[in-house]
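Bear in mind these aren't lab numbers, they're just calculated from the coordinates by the rules spelled out. All of these numbers come straight from a predicted model, not from anything done at the bench. With ideal geometry, Cβ positions are generated from the backbone for all residues, glycine too; neighbour counts draw on all protein chains shown.
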Amino acid sequence: MIDRRLLLAGAAGLAGIAGLRWLNSGDVEAADAFEIQKSDSEWRSVLTKAQYEVLRLRRTEPPGSSPLNDEKRKGTFVCAGCDLPVFSSETKYDSKTGWPSFYRPLPNAIGTATDHLLLLPRTEVHCRRCGGHLGHVFEDGPPPTGLRYCMNGLALKFIPDAPA
Ligand SMILES: [Zn+2]
């Protein structure tokens with residue numbers, strides 16, 4: 001067994017270094033904490049099945065499956081659930097993981113929580129406005145943040161900048 005105190009110490013250290021907001025209980029906020037509220041059937045009607053599975057069921061798309069991996073244009077990545085701008089192309093980089101990766105989100109765009117879906121706790125990333133699950137954040141990213149926001153392409157839509 002892994003010592004729970006060690007895990008907690010590690011988690012606290014991570015949170016301190018990364019400056020992430022960790023929630024008390026470690027779970028995603030109650031659904032009514034989000035600005036955009038839809039019933040499960042409403043979400044099913046506005047999202048594709050694949051988008052629904054990632055955004056609402058917190059599934060992870062297969063690596064290498066997203067066309068956004070190869071998206072290199074300047075523009076903005078918005079939440080596929082509610083169109084909130086969440087990442088800029090300026091902070092996108094090739095992490096070689098098979099998922100669209102960024103080193104920093106846009107201001108006031110995301111929320112984080114700890115999930116325990118795997119043995120070790122991970123920091124889950126969701127849209128601050130609709131609560132849709134976007135991906136996870138890890139501490140093996142590039143400068144200047146050292147963070148890797150590992151996103152599901154299905155949870156994002158890309159809006160290219162208008163030509164100058
Ligand atoms: Zn959203």
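Key figures
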item: Reachable lysines from Lys96, criterion Cα separation under 19 angstrom, eight or more residues apart if same chain; result: Lys72
item: Radius 10 Å from Cβ of Ser89, net charge of other residues (Lys, Arg +1; Asp, Glu -1); result: +1
item: Estimated distance in nm for a label pair at His116 and Thr60, the labels positioned 7 Å out from Cα along Cα-to-Cβ; result: 1.9 nm
item: Gain on full stretching of the segment that runs from Asn108 to Asp161 - 0.36 nm per residue minus C-alpha separation; result: 17.0 nm
item: Peptide ranges 47-56, 138-147 listed from the most packed, as the mean C-beta count within 10 angstrom indicates; result: 47-56, 138-147
item: Efficiency of FRET between Glu35 and Tyr93 - r from beta-carbon atoms, R0 30 angstrom, step 0.05; result: 0.50
item: Cα centroid separation - segment 49-71 against segment 106-148, whole Å; result: 15 Å
item: By average C-beta atoms within 10 angstrom, highest first, the peptides 61-69, 91-99, 38-46, 149-157; result: 149-157, 91-99, 61-69, 38-46
